[in-house]
Every structure is written in C-alpha cells, then in structure tokens.
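Scroll down for the structure; my scribbles are underneath it.
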Amino acid sequence: MKTFKQYLKEGPPKWTESLSTMLFDLPRAGLKDVLIPLSPAILKRIWPKPPRTTVFHLTDFTGVHKLKGLQGKQKSISAFFNITPRAIEYGVATEGGYVVELIADILAAAPDDLSTRPDKTGRRWMAFSTLINPIDYGHFGDGIGGGAKLKGMENDINEMMIEIIMKYADDPKFMPNTNKSWIALGKEYKREGKILSQIIKDYIDGMEKIMKKYSAKLKSVLLDYVKIRASKPDPDSGDVPEWDELVVNNFKIQKIHVNPEFSPDFDGDDDIDGFPFELYDDAGDMVDYITRTVQKIKL
C-alpha cells in the first residue's frame with residue numbers, strides 16, 4: 001500500500017502523445033482510426049449550452065491537487081456516472097482510490113468507455129470507429145452506436161483529408177489511398193514544424209466544419225446518455241461495463257471520497273487540499289453513494 005507521502009512524490013501519468021504523432025497514426029486500412037476532436041471550444045461552438053450537473057472523477061492523491069488548479073477552466077477531463085468498486089480500487093488512468101464529486105459541463109457521454117485520448121495540451125480526441133461502431137456487449141469499449149445516425153460523415157472526412165494531402169504533399173504517390181497518403185504526409189513534414197502545424201490546423205478546422213454539418217445528430221450520439229445515466233447489461237451474461245465515460249470541463253469540486261486503502265492517511269484531518277471529504281470502510285459503500293446521487297439528478 002502506498003502511503004500519503006509516497007503519493008506526494010509521484011508525478012503525472014505518462015500516457016499522452018504529441019498531436020503530430022497521434023493524428024498520423026492510422027494502423028488499419030480505411031479511416032476508422034482518424035481522430036475526432038472533443039475540444040471544449042469546438043463543442044461549445046456547435047452546441048453552446050452543454051448540460052451541467054453532478055459527475056464523478058476517479059484519480060489518485062496527486063490528481064486531486066491537479067484538479068484544484070483546473071477548476072472553472074476549459075481543459076477537459078474524463079468523468080463518470082457509474083463505476084464498480086474494482087475500478088475505484090485499482091484505478092483506470094491513475095492509481096485510483098479517490099473519487100472527486102464535481103459540478104461540471106458535460107461535453108460528451110456514453111454508457112461505455114469512450115476511449116478518449118488526451119494530447120500533450122490536454123485536448124481530448126476520440127477515434128471515429130468509437131463514434132460509429134455498434135455497442136458490443138461482449139467487447140466493452142468498441143463503440144457507442146452512432147453509425148446509423150452519422151451516415152456520410154466518413155465520406156466527408158475522407159474528402160477533407162484528400163484536400164489537405166493534395167495541398168501539402170510534394171508527391172502524393174499513394175493516392176487514391178487516403179490512409180497511406182495521410183501517413184506519408186505526416187512523415188514528409190515530421191521535422192518541419194511550421195508546415196506541420198498548418199496541416200494540423202487545417203485538419204482541426206476541417207473536422208469542426210464536418211461536426212457542424214452533423215451537429216444535431218452528433219449531439220444526440222454524444223449527449224443522449226446524459227438523460228439515461230445507466231449502462232445496459234449484456235443480454236446474455238448480465239455484465240455491464242466497469243465504468244461509463246463522460247468528457248467534462250468548467251467544473252467545481254464539491255467533495256472528495258476516499259477509498260478504505262487510503263482512509264488512515266486522513267484520520268483526524270479537516271479537509272483534503274481545502275475540500276471536504278468522506279472516508280469509507282468499503283468501496284461498495286462509495287458506489288452506493290454515487291448511484292443514489294446520480295439517480296437524483298434532474299435535467
């Protein structure tokens with residue numbers, strides 16, 4: 001078990017990548033791996049009034065301190081409505097053990113893991129395949145079921161990327177294969193930061209135009225779950241995902257809930273980093289509190 005002092009010495013998780021690497025990493029044929037920006041600025045231009053309510057965020061002690069500095073800002077984080085005791089105890093992107101209760105703007109929500117990836121600036125991205133693939137109860141995290149509503153979006157993305165390739169590539173020798181040509185474009189300008197930055201800007205601007213075109217249907221895919229707030233069980237096994245995922249920002253910390261493993265570190269304390277907290281004897285009790293709180297939400 002890590003002690004309170006050990007957590008103070010730990011640094012942030014090293015799982016982010018530079019955008020210049022992420023955007024050009026298309027390992028499969030086709031465009032299923034292209035990334036959709038879940039940028040707060042873009043999403044709020046598409047739908048200006050996101051739902052705002054109580055959500056929860058799983059982190060470790062170091063993460064609690066980092067969250068304090070992000071309050072009220074545009075940088076987005078992952079959150080949830082539902083989670084299992086196991087996920088709280090073992091963590092997801094961090095060591096876990098600390099659940100932070102927040103009031104936040106919700107930019108995206110799904111009954112399963114959205115598999116979002118932050119770049120080094122903190123902007124979150126989601127693979128197009130996650131957006132359109134059907135929910136597969138046997139393989140949680142594969143998709144959120146938007147394919148039927150977003151027909152035509154892949155073709156628009158393909159055309160946008162072709163325009164960028166033809167604008168910048170010295171020799172688009174792999175055309176009409178957009179996938180190979182896009183990867184080659186990234187390699188061609190890997191060490192030419194100024195041009196690469198312009199390519200990335202064109203990509204983000206192009207994606208925003210496409211997202212605006214599909215704004216009503218995209219909003220339905222990304223936000224309808226906020227009204228439901230409950231994962232459907234596998235029709236055969238009855239299993240549900242270990243957590244759902246929300247992308248939120250502009251949040252305010254309400255309370256910190258501490259898993260039994262770390263409760264002894266705070267016995268007798270008045271607060272944690274200036275915030276009220278509650279200690280638990282069992283992670284299941286924490287999940288019960290989260291469930292009761294989420295069920296009371298009125299939007």
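Local charge sum around Gly206 (other residues, Cβ-Cβ under 13 Å, Lys/Arg +1, Asp/Glu -1)? Taking every Cβ under 13 Å from that of Gly206, the sum is -1. Working from Cα pairs under 8 Å separated by at least six residues, relative contact order for region 45-149 is 26 percent. The angle separating the long axis of helix 61-70 from the principal Cα axis of greatest extent in the chain is about 60 degrees. The mean sequence distance of close C-alpha pairs (under 8 Å, at least 6 residues apart), as a share of the length of the chain, puts its relative contact order at 29 percent. In a simple Cβ point-charge model (Lys, Arg +1; Asp, Glu -1; nothing else charged), the chain has a dipole of about 1680 debye relative to its Cα centre. For the chain, the longest principal axis of the alpha carbon atoms and the long axis of helix 193-213 meet at an angle near 80°. Building the convex hull from the alpha-carbon atoms of the chain and averaging its projection over directions returns 16.7 nm². Quick one: Karplus J couplings for region 173-185, per residue in order, coefficients 6.51, -1.76, 1.60, θ = phi - 60°, nearest Hz, x for Gly and Pro? Coupling constants for region 173-185: 5, 8, 5, x, 7, 4, 4, 5, 5, 5, 4, 5, 4 Hz.
Calculated [222 nm] ellipticity per residue, helices only, for the chain: -10500 deg cm²/dmol; basis is -39500 (n - 2.57) per DSSP H run with n ≥ 4, divided by all residues, nearest 500.
Only Cα pairs under 8 Å and 6+ residues apart enter the sum, and on that basis the relative contact order of region 180-299 stands at 16 percent.
Helix 153-168: angle to the longest alpha-carbon principal axis of the chain, degrees 0 to 90, nearest 10? The angle comes out at about 60 degrees. Stretching the chain fully between Glu17 and Asn177 yields a gain of 55.0 nm (0.36 nm per residue, less the alpha carbon separation).
Bear in mind that the values in this text are calculations on the coordinates, not laboratory data. All values derive from a computational prediction rather than experimental measurement. Virtual Cβ from ideal backbone geometry, glycine too; neighbours counted across all protein chains shown.
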